[in-house]
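I have placed the structure first, in the form of structure tokens, so that the comments after it can refer back to it.
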Amino acid sequence: QSTVSELTMECQNLNRSLEALRDQNAQLLQERGSYERKLLASQEEVHALHQETSALKARLNAPREPDAPSAALQAELEGLRAAVVTAHETWQQVGAPTAR
């Protein structure tokens, strides 16, 4: 049978553990908020890059003068495609943070 002092000590230990868990929970909630903000920003960036890509595709496919250079537009489109890929990779990394 446990004594009052043993039970008191056990309660104190449990209270310390509970407080540590509360602190850890608060930190995890803060990190989650940070990840959610980064995810939203990345999603907005991907959306904007998709819109730019669509606009460039429309410009590339639009009727133009026979001698109008499309190489510059093609290079710009390729640059945007690379940016979309990079943003998408960032979004995947931020969107799926590893659990601790």
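The values are calculated or read from the model by the stated rules, or taken from the named source; none is laboratory data. Because the structure is predicted, anything quoted here is derived from the model rather than measured. In this analysis, Cβ positions are derived from the backbone assuming ideal geometry, glycine residues included, and neighbour counts consider all displayed protein chains. Areas reflect the complete protein model, heavy atoms only, side chains present, ligands, DNA and RNA absent. Shrake-Rupley method; radii C 1.70, N 1.55, O 1.52, S 1.80 Å.
In deg cm²/dmol, rounded to 500, what helix-only [θ] at 222 nm does the chain give when every DSSP H run of at least 4 residues adds -39500 (n - 2.57) and the total is split over its residues?
-31000 deg cm²/dmol
Which order do you get for Ser17, Ser34 if you rank them by accessible area with a 1.4 Å probe, largest at the top?
Final ranking, largest accessible area leading: Ser17, Ser34.
Quick one: dipole size for the chain, taken about the Cα centre, charges +1 on Lys/Arg Cβ and -1 on Asp/Glu Cβ, in debye to the nearest 20.
Here the chain has a charge dipole of around 120 debye.
Between helix 4-61 and the chain, what is the angle of the helix's C-alpha long axis to the longest principal axis, kept within 0 to 90° and rounded to the nearest 10?
0 degrees
Once you compute Rg and the Kirkwood Rh from C-alpha atoms, what is the Rg to Rh ratio for the chain?
Using only Cα positions, Rg/Rh for the chain is 1.49.
Picking from Arg22, Arg32, Arg81, which is most flexible by a Gaussian network model of the chain using Cα springs under 10 Å?
Arg22
Calculate, for the chain, the solvent-accessible area per residue in square angstrom, rolling a 1.4 angstrom probe over the heavy atoms of the protein chains.
Counting only protein heavy atoms, the per-residue value for the chain is 81 Å².
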